[in-house]
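Enquirer: Take a look at this one; I'll ask things after.
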Amino acid sequence: MGAAAARVPQSVASRRVAALEAHFGERLFDRRSRGATLTPFGRDMLPSARRLVQLAEAVEYDAERAKLRPMRLAVPDLCTASDLAQLAADAREQGLSLDLCAAPPAERAELVRGLEVRVALVAVPPSEAFWSVPLGLAGMAEPRSDTIYLESLRAGRYDTGAKRRVWIQPEDDVPHVRDRLTRVRDAAGLAPAQVTVASSLVAAAAEALASMDLLLCSPQQAVELGLFWRPIGEVRLARGFDLAADAPSDAERIRTRLSTALARCLGATPRDDTEAVDYAGAVDDVHDRAGAVAQ
């Protein structure tokens, strides 16, 4: 009966009882032909055994609750609500419950350092990234060429109109993007104000939608905003993302189970799929998706 209650074979139960008796140096049961009964020593041990069973059940219960407790993950605040909802749904299918916290790059890094989140998608140079997102320039007017050169924004000697600007959104206000773009700006002879960091993605996108200014963005964002996207002629830029966590095992769980889902959310390519950002593929993808939206 005891073996059946414990859901183990009788032989296994007998070996475990024998091991306990050997450990204690006393018999727990009197074994007779009609069954087994507790010895006086076994009766004395019964209250402690019951407490151990109750404690084991409590541990099992706590373990199940711990597995269901959401893992707080800091993500870029450029991810759309639909992207994040799909990411959370994909996580559930992989046995993970996520509590998503959207924040800009510097804040995400600080959140994980301060243990306010368990894991964060942090901005890193593309060479160190697990996910990469190609960046280019997007505007309302369809470019005539497959690339946009910053030097083409240089005003002529007799041009008295407003100078076209390139707007950097907060997600790309990081050294490996901002500094490289400003060096190209200076080499092309543009005015300092022609490459500017915007206060938000909405503000940057509004400038591109309302004027001839350009937005530094990903192909996916260009499609969402209805803009024409091209890579930059003088330099190839990309966002890089990797996971930071206080416990490396948390980062590994996310990376292993949600690599593809995070790539889709970021508009990125996982490092396992390619070692380089495919700019030509990105342009083709933008054209295809823009056509689908138009239909």
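Enquirer: I'm checking my understanding of the structure. Among residues of segment 31-82 that are part of a strand (DSSP E or B) and at pLDDT 85 or above, which one is farthest from ARG264 (Cα to Cα)?
Expert: That would be LEU38.
Enquirer: Considering every residue within segment 172-184, establish whether at least one is within 27 Å of GLU224 (Cα to Cα) and out of contact with any strand residue (DSSP E or B) (no Cβ under 8 Å at 6 or more places or on another chain).
Expert: Checked against the condition, which is being within 27 Å of GLU224 (Cα to Cα) and out of contact with any strand residue (DSSP E or B) (no Cβ under 8 Å at 6 or more places or on another chain), segment 172-184 yields at least one hit.
Enquirer: Something else about it: If I go through segment 126-150 residue by residue, how many of them are surrounded by 14 or more Cβ atoms within 10 Å (Cβ to Cβ) and either within 16 Å of the chain's Cα centre (by Cα) or of a type outside the set (A, V, I, L, M) (or both)? Don't jump to the end; show me each part of the working.
Expert: Keep residues of segment 126-150 that are surrounded by 14 or more Cβ atoms within 10 Å (Cβ to Cβ), which gives 126, 129-140, 143, 147-150.
Adding the requirement that they be either within 16 Å of the chain's Cα centre (by Cα) or of a type outside the set (A, V, I, L, M) (or both) leaves 126, 129-134, 136, 139, 143, 147, 149.
So the count comes out to 12.
Enquirer: Cβ contacts < 6 Å: first residue of a type in the set (Lys, Arg), restricted to segment 105-133; second residue exposed (fewer than 15 other Cβ atoms within 10 Å of the Cβ), any location; separation 6+ or different chain. Result?
Expert: none
Enquirer: So, of the residues in segment 187-222 that are assigned to a helix (DSSP H, G or I) and either of a type in the set (Lys, Arg) or touching a Pro at 6+ places or on another chain (Cβ under 8 Å) (or both), which turns out to be surrounded by the fewest Cβ atoms within 10 Å (Cβ to Cβ)?
Expert: To start, the set of residues in segment 187-222 that are assigned to a helix (DSSP H, G or I) comprises 187, 192-194, 201-210, 219-222.
So of that shortlist, the ones also either of a type in the set (Lys, Arg) or touching a Pro at 6+ places or on another chain (Cβ under 8 Å) (or both) come out as 201, 219.
Numbers: LEU201: 21, PRO219: 26.
Only one residue tops the list, namely LEU201.
Enquirer: For GLU252, are the conditions met, namely being under 20 Å from SER127 (Cα atoms) and of a type in the set (Asp, Glu)? Write out each step before concluding.
Expert: Numbers: under 20 Å from SER127 (Cα atoms): yes; of a type in the set (Asp, Glu): yes.
Taking the combined requirement at face value, the residue satisfies it.
Enquirer: Still on this structure, please answer the following. What number of residues within segment 116-148 satisfy the criterion of being more than 20 Å from PHE228 (Cα to Cα), touching a helix residue (DSSP H, G or I) at 6+ places or on another chain (Cβ under 6 Å) and among the aliphatic types (A, V, I, L, M)?
Expert: Taking segment 116-148 first, the residues more than 20 Å from PHE228 (Cα to Cα) are 116-132.
Those still in the list that are touching a helix residue (DSSP H, G or I) at 6+ places or on another chain (Cβ under 6 Å) too: 117-120, 122-123, 125, 131-132.
Pick out the ones that are also among the aliphatic types (A, V, I, L, M) and you get 117, 119-120, 122-123.
Summing the residues that are more than 20 Å from PHE228 (Cα to Cα), touching a helix residue (DSSP H, G or I) at 6+ places or on another chain (Cβ under 6 Å) and among the aliphatic types (A, V, I, L, M) in segment 116-148 gives 5.
Enquirer: Which numbered condition trips up ALA102, out of (1) without any contact (Cβ under 8 Å) to a residue 60 or more places away in the chain; (2) not charged (D, E, K, R); (3) not in a strand (DSSP E or B)?
Expert: ALA102 satisfies all of (1) without any contact (Cβ under 8 Å) to a residue 60 or more places away in the chain; (2) not charged (D, E, K, R); (3) not in a strand (DSSP E or B) except (3).
The values are calculated or read from the model by the stated rules, or taken from the named source; none is laboratory data. Remember, it's a predicted structure, so these values are computed and weren't measured experimentally. Note: ideal-geometry Cβ built from the backbone for every residue, glycine included; neighbour counts use all protein chains shown.
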